[in-house]
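Data first, discussion second: the structure below is written as structure tokens.
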Amino acid sequence: AEPDPQAGAAVKAADRAHVFHSWSAQGLIDPLAVAGAEGSYFWDYEGNRYLDFTSGLVYTNIGYQHPRVVEAIQEQAGRLTTFAPAFALDVRSEAARLIAERTPGDLDKIFFTNGGAEAVENAVRMARLHTGRAKVLSAYRSYHGATSTAINLTGDPRRWASDTASAGVVHFWAPFPYRSPFYSSTEAEECARALRHLEDTIAYEGPATVAAIVLETIPGTAGIMTPPPGYLAGVREICDRHGIVLVLDEVMAGFGRTGRWFAAEHYGVVPDLLTFAKGVNSGYVPLGGVAISAEIAATFDKRPYPGGLTYSGHPLACAAAVATIRVMEDEKVVEHAAHIGETVLGPGLRALAERHPSVGEVRGLGAFWALDLVRDRETREPLVPYNASGDAAAPMAAFGAACKRNGLWPFINMNRTHAVPACNITEAEAKEGLAALDAALTVADQHTV
Ligand code: PLP
């Protein structure tokens, strides 16, 4: 479409007058007015086009406006736009079947929600009712959503303002070799110490009081820290020994992001409950859910499950999920994510680290990568302090602005930038993104010691 700055200005004016935005000081934000999107790109009303290295909020796993999914939503809208959750519907049954066939182990029942936070809320509710216990353990350096229990589980500063209502949540440290909370020097040591710390936490909290451990299989927003070999298997063993439900949150890591349908597959671990959202239908219509083990599902065979949502398994959302999963199969999107990670993104990002002193560590897999930016490679001092804002965060803001000048829309969180494009990004597009990052990192380099 032709640039139309006037139309963009009207969109912006109405937004500023009436839209109250997430996580923001309303008077200090300047949201970009977006005119359209397709595949890995979106564009504004001024004629600027951006390569999206954020996948929206890491959910457009098959890119924007995939014609088959758009068509499936249109077809469903023409046939049956909505219907209440208590009924059996073809499209809902099919979505549940396709998801259950792909989740690991015996996670064969699907409770549908409208997004990730509600999935986490319901997983915790199921775990509490199943065990008859109240407490839930989760990790620092995590994000689980913004509703009451989900935000309490979250291990980043977004939780602090909501800490007034305790939800019986206790935080522990998960492994992170590059910034080890255990002062470990090897991955094996980090794994052993992290498991020992979790054991100790459970012992002091009282094993018989703990309903669930909630973990992102690979923490997303918190920094894409792939767990050391053996860690998740160790957590699984601890849970089994104490009768604790293991909830793996795959809202961000699931549905192809890591080059497998679910990240748990990389570690050979089957949780009791798995939460998903985002990539399940590339975010075209809000949808999330909990995949439930046979044992936990059986708890609610004769006893009603005390939870529900008006739009649980909404037909438009389910139609989008069915079409997305079929597209991912037909176009081998999961295999492509693994391949682009191994052959282009991983090697390309590591090459950037060689050239740029501001890159402290490159970590990730598939279409799920983080660059940990530092002021000093020796000390690993982050490029900006933890939870910095304003002037203290200026080096990251300058880096972000440089990305945008180079046509790349970057994901930025604290001192990190994540390379999290659509899982079906082409090799040429991925290389274009790497080139833009290369140019922008010279700006970050200026802030190193
Ligand atoms: N869990 C994880 C791992 C997430 O990354 C997110 C969102 O970023 C959520 C839960 C919350 O999902 P939603 O924003 O759909 O409620």
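Just the Kirkwood number for the stretch 44-84, please: inverse of mean 1/r across all distinct Cα pairs, in Å, one decimal.
For the stretch 44-84, the Kirkwood estimate is 12.7 Å.
Taking the Cα centre of the chain as the origin and placing charges on Cβ (Lys, Arg +1; Asp, Glu -1), which of Ala134, Ala174, Thr442 is farthest toward the positive end of the dipole?
Comparing the listed Cα positions along the dipole, Ala134 ranks first.
In straight Cα distance, which lysines are under 17 Å from Lys12, not counting same-chain residues fewer than 8 positions off?
Within the straight-line cut-off, Lys12 pairs with nothing.
D for the stretch 67-330, whole µm²/s, Stokes-Einstein with Kirkwood Rh over alpha-carbon pairs at 4 °C and 1.567 mPa s: what number?
69 µm²/s
Can you quote the Å³ per residue value for the convex hull of the Cα atoms in the stretch 264-323, rounded to an integer?
107 Å³
Once Rh for the stretch 22-109 is found with the Kirkwood sum over Cα pairs, what is the Stokes-Einstein diffusion coefficient at 10 °C and 1.306 mPa s, in µm²/s?
Rounded to a whole number, D works out at 95 µm²/s.
Cα atoms only, the stretch 136-279: Rg and Dmax in Å?
Cα only, the stretch 136-279: 14.2, 39 Å (Rg, Dmax).
Calculate the dipole size of the chain relative to its Cα centre from +1 charges on Lys and Arg beta carbons and -1 charges on Asp and Glu beta carbons; express the result in debye to the nearest 20.
820 debye
With a cut-off of 8 Å between alpha carbons and a minimum separation of six or more residues, what is the relative contact order of the stretch 1-147 in percent?
Contact order relative to length: 13 percent.
When Lys and Arg each count +1 and Asp and Glu each count -1, what net charge do the other residues less than 10 Å away from Thr147, Cβ to Cβ, add up to?
Charge balance in the 10 Å sphere: -2.
Could you give the size of the charge dipole of the stretch 67-330 about its Cα centre, using +1 on the Cβ of each K and R and -1 on the Cβ of each D and E, expressed in debye and rounded to the nearest 20?
Around 440 debye, computed over the stretch 67-330.
Using only Cα atoms, locate the centre of the stretch 94-168 and the centre of the stretch 383-445, then give the distance between them in Å, rounded to an integer.
Computed from Cα coordinates, the inter-centre distance equals 30 Å.
Which residue, Phe255, Phe276, Phe172, has the most motion in a Gaussian network model of the chain that connects Cα atoms within less than 10 Å?
Phe172
Please state the relative contact order of the stretch 67-330 as a whole percent: Cα pairs under 8 Å, 6+ residues apart?
So the answer I get is 30 percent.
Choose one answer from Asp272, Asp376, Asp52: the residue with the largest mean-square fluctuation in a GNM of the chain with alpha-carbon springs under 10 Å.
Asp376
So for the chain, averaging the separation of alpha carbon pairs under 8 Å that are six or more residues apart and normalising by length, what relative contact order in percent results?
Value for the chain: 20 percent.
Dipole of the chain (Lys/Arg Cβ +1, Asp/Glu Cβ -1, origin at the Cα centre): which of Val269, His339, Pro31 lies farthest to the positive side?
Checking the options against the dipole of the chain, the answer is Val269.
Less than 15 Å Cβ to Cβ from Pro67, Lys/Arg counted +1 and Asp/Glu -1: what total charge do the surrounding residues give?
-3
Hey, fewest Cβ within 10 Å first, where do Asp44, Asp15, Asp249 land in order?
Lowest to highest Cβ neighbour count: Asp15, Asp44, Asp249.
Looking at the chain as a GNM with Cα springs under 10 Å, which of Arg260, Arg68, Arg416 has the largest mean-square fluctuation?
Largest GNM mean-square fluctuation: Arg68.
Within the set of other residues whose C-beta is less than 14 Å from the C-beta of Pro5, count the net charge using Lys and Arg as +1 and Asp and Glu as -1.
My count for the surroundings of Pro5 gives -3.
Taking each pair of distinct Cα atoms in the chain once, what is the resulting Kirkwood hydrodynamic radius in Å?
About 22.6 Å for the chain.
Bear in mind that the values in this text are calculations on the coordinates, not laboratory data. Quantities reported herein were computed from a predicted structural model and do not represent experimental measurements. No Cβ is skipped: glycine too gets one built from the backbone with ideal geometry, and neighbour counts run over all protein chains shown.
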